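The values are calculated or read from the model by the stated rules, or taken from the named source; none is laboratory data. Bear in mind that the values here come from a model prediction, so they are computed numbers and not experimental data. Cβ sites come from the backbone with ideal geometry, for glycine too, and all protein chains shown count toward neighbours. Accessible surface is based on the protein model in full, side chains and every heavy atom, while ligands, DNA and RNA are left aside. Shrake-Rupley method; radii C 1.70, N 1.55, O 1.52, S 1.80 Å.
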Amino acid sequence: MKTIAFITTLILSVGLLGLVGCSKGGGVDTSKLQNAFQSASNVDKAEVEKAISAVKSGDFAGALASLQKAAASVNLTEEQ
C-alpha cells in the first residue's frame, strides 16, 4: 500500500512540476484535477482545492504538499 501511495505521489509531483515548468507566462489548467475530485471525500477534496489555490497563487511548494497528502489517501480512484 505504501508503494502505491509513493508512486501516486511521484506521478502527481512530476505532473505538477511538468505543468509549472512548461507554462510560458500562462496559468496552469487545473480543470482535469478539479473534475477528477468532484466526487471525492471531503478531506481529499479539501486538500486538492488547497493545492489548486496554491498553484493559482504561485505557491508550488504548498501545492505539492497538499497533493502529497491527497495522494496518500486510501480512498482514491484510478482516475484520481
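Data table
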| item | result |
| --- | --- |
| Filtered residue count, the stretch 47-63, keeping only those that are open to solvent by less than 50 Å² (accessible area, probe 1.4 Å) and either in contact (Cβ under 8 Å) with a residue 40 or more places away in the chain or not in a loop (DSSP other than H, G, I, E, B) (or both) | 8 |
| Among the residues listed as Val74, Val48, the single one being modelled with pLDDT under 90, farther than 14 Å from Leu12 by Cβ and aliphatic (A, V, I, L, M) | Val74 |
| Residue match in the stretch 27-38 (condition: touching a residue at least 12 places away in the same chain (Cβ under 8 Å), open to solvent by less than 20 Å² (accessible area, probe 1.4 Å) and outside any helix (DSSP H, G or I)) | yes |
| Residue identified as surrounded by 11 or more Cβ atoms within 10 Å (Cβ to Cβ), small (Gly, Ala, Ser) and either touching a residue at least 60 places away in the same chain (Cβ under 8 Å) or not in a helix (DSSP H, G or I) (or both) among Ser73, Ser66 | Ser73 |
